[in-house]
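Student: This is the structure I have questions about; it appears just below.
All of the numbers you see were taken from the coordinates with simple rules; none came from a lab. Remember, it's a predicted structure, so these values are computed and weren't measured experimentally. With ideal geometry, Cβ positions are generated from the backbone for all residues, glycine too; neighbour counts draw on all protein chains shown.
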Amino acid sequence: MHFTGRTAGLLKNPATAFGPVAEVLSAADLAVVNLETAITTRGTPEPKEFHFRAPATAYEAVKAAGVDAVSIANNHALDYGRVGFADTLDAASAAGMPVFGGGRTIDEAYAPLILPVQGVRVAIVGFSQIHTLAESWKAGPTTPGIALAWDVDRAVAAVRAARSQADLVVVFNHWGTERDSCPNKDQKSFAAALADAGADLIIGAHAHVLQGDGWLGRTYVAYGLGNFVWYVGSADTGVLRVQVHGRSVVKAELVPAVVSDTGRPRLLTGTAASALTKRFIDLRRCTGLAAAPPPA
């Protein structure tokens with residue numbers, strides 16, 4: 001999600017920027033989104049095709065919608081260089097919005113965000129598996145940047161560290177082939193490594209279309225949730241609503257929506273909602289995931 005083009009106008013009133021879908025987010029014990037933009041008015045565009053940025057009021061809009069944390073491990077966090085990235089981090093701190101998947105050093109970028117939720121310690125980590133400018137955007141010992149999935153050993157170590165600190169471990173990945181509703185081999189192999197390391201939920205974005213969900217052993221995986229608040233024409237989307245007991249996902253469903261002509265999600269009802277729910281379930285066919293976890 002971001003606030004660029006047609007969605008920039010939504011920030012005229014941050015309190016209502018998300019529209020009715022905010023009720024779904026606010027009702028959750030923990031709501032997390034992928035913030036696919038720099039939060040800055042400064043910086044120089046990086047040598048890439050698309051550049052997204054928004055003012056600090058974007059964090060006001062996200063908070064007003066009931067979002068509790070955002071991932072910045074994606075291929076737009078440094079669209080305006082490290083100056084813009086520093087502003088993104090500073091604005092998050094000023095707004096009281098927890099971020100993960102990036103930081104001022106490599107240790108900060110890979111560190112889990114730990115949040116207490118209804119008496120449960122939840123650890124969230126984020127990684128980007130997108131090649132674009134990955135080498136120049138990665139965090140270093142003293143260099144701000146994002147956490148990369150390509151350093152599999154470091155990512156696996158981060159999940160294991162999260163596992164040792166929390167009751168529930170959630171991984172947000174920026175990955176996949178754009179416009180492809182089936183996960184690619186890199187997604188599948190990385191998901192397997194994360195599951196083996198102790199991830200309980202693995203949630204993905206980047207492909208701009210929905211990708212299927214299911215269980216990889218006892219780990220719940222949703223490979224891709226499509227676009228959400230988005231600046232150009234889009235289609236199926238929704239809010240993934242997951243119910244967890246202990247370390248186990250006991251229920252997962254997509255609250256169906258479409259990206260409206262304002263760029264924000266419009267919740268579906270009736271036959272349109274049922275049709276999208278069926279399409280989402282059918283996407284499991286190419287994932288290799290199971291429809292349910294193995295018996296306890």
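Student: Report the gain in length on full extension from Gln165 to Thr262: 0.36 nm times residue separation, minus Cα-Cα distance, nm rounded to one decimal.
Tutor: Extending this stretch completely gives an extra 30.8 nm.
Student: So, one more: Please work out the Kirkwood hydrodynamic radius for region 126-210, using every pair of different C-alpha atoms, and report it in angstroms with one decimal place.
Tutor: Working: mean 1/r = 0.0749 Å⁻¹.
One over the average 1/r among Cα pairs gives 13.3 Å for region 126-210.
Student: Then there is this: Past the 12 angstrom mark, what percentage of all C-alpha to C-alpha distances in region 1-49 do you count? Walk me through the intermediate numbers first.
Tutor: On the way: 875 of 1176 pairs.
That tail contains 74 percent of the Cα-Cα pairs.
Student: Also: Report the full-extension gain for the segment Thr41 to Arg279: residue separation times 0.36 nm, less the Cα-Cα distance, to one decimal in nm.
Tutor: 81.7 nm
Student: Could you sort the peptides 170-177, 83-90 by per-residue average Cβ neighbour count (10 Å cutoff), highest mean leading?
Tutor: Taking the mean over residues of other Cβ atoms within 10 Å, the ranking is 170-177, 83-90.
Student: Give me the extension gain from Glu178 to Ala86: residue separation times 0.36 nm, minus the current Cα-Cα distance, reported in nm with one decimal.
Tutor: Result: 30.3 nm gained on full extension.
Student: Also, I was wondering about something else. For region 161-224, state what percent of all Cα-Cα pairs lands in each successive 10 Å bin, counting from 0 Å until the bin that includes the largest distance.
Tutor: 24, 53, 20, 3
Student: Taking R0 as 25 Å, what FRET efficiency do you get between Asp153 and Ala94 from their Cβ-Cβ distance, rounded to the nearest 0.05?
Tutor: With a Förster radius of 25 Å, E is 0.15.
Student: Please report Rg over Rh for the chain, where both radii come from the alpha carbon positions and Rh follows the Kirkwood definition.
Tutor: In the chain, Rg relative to Rh is 0.93.
Student: If you don't mind, another one. Once label points are set 7 Å from the Cα along Cα→Cβ at both Leu11 and Ala292, what is their separation, rounded to one decimal in nm?
Tutor: 4.7 nm
Student: Sticking with this structure for a sec: Output the antiparallel fraction of DSSP beta bridges having both residues in the chain, as a percent to the nearest 5.
Tutor: 55 percent
Student: Further, regarding this structure: Please list, by residue number, every one of the trypsin sites (Lys or Arg not before Pro) in region 28-60 that is coil in DSSP and has at most 16 other beta-carbon atoms within 10 Å.
Tutor: Details: sites: Arg42, Lys48, Arg53; in loops: Arg42, Lys48.
Taking region 28-60 and a limit of 16 other Cβ atoms within 10 Å, the loop trypsin sites (Lys or Arg not before Pro) found are Arg42, Lys48.
Student: For region 4-101, which GluC sites (Glu not before Pro) are both in a DSSP coil and crowded by at most 16 other Cβ atoms within 10 Å?
Tutor: Details: sites: Glu23, Glu36, Glu49, Glu60; in loops: Glu36, Glu49.
Those that pass, being in a loop and sparsely packed, are Glu49.
Student: Do you know the Lys pair count in the chain for C-alpha distances under 23 Å, with sequence separation 8 or more or different chains?
Tutor: 7
Student: Provide the convex hull volume over Cα atoms per residue for region 155-262, in Å³. Could you put the intermediate results ahead of the total?
Tutor: Numbers: hull volume 10.7 nm³, N = 108.
Hull volume over Cα atoms, normalised by residue count, gives 100 Å³.
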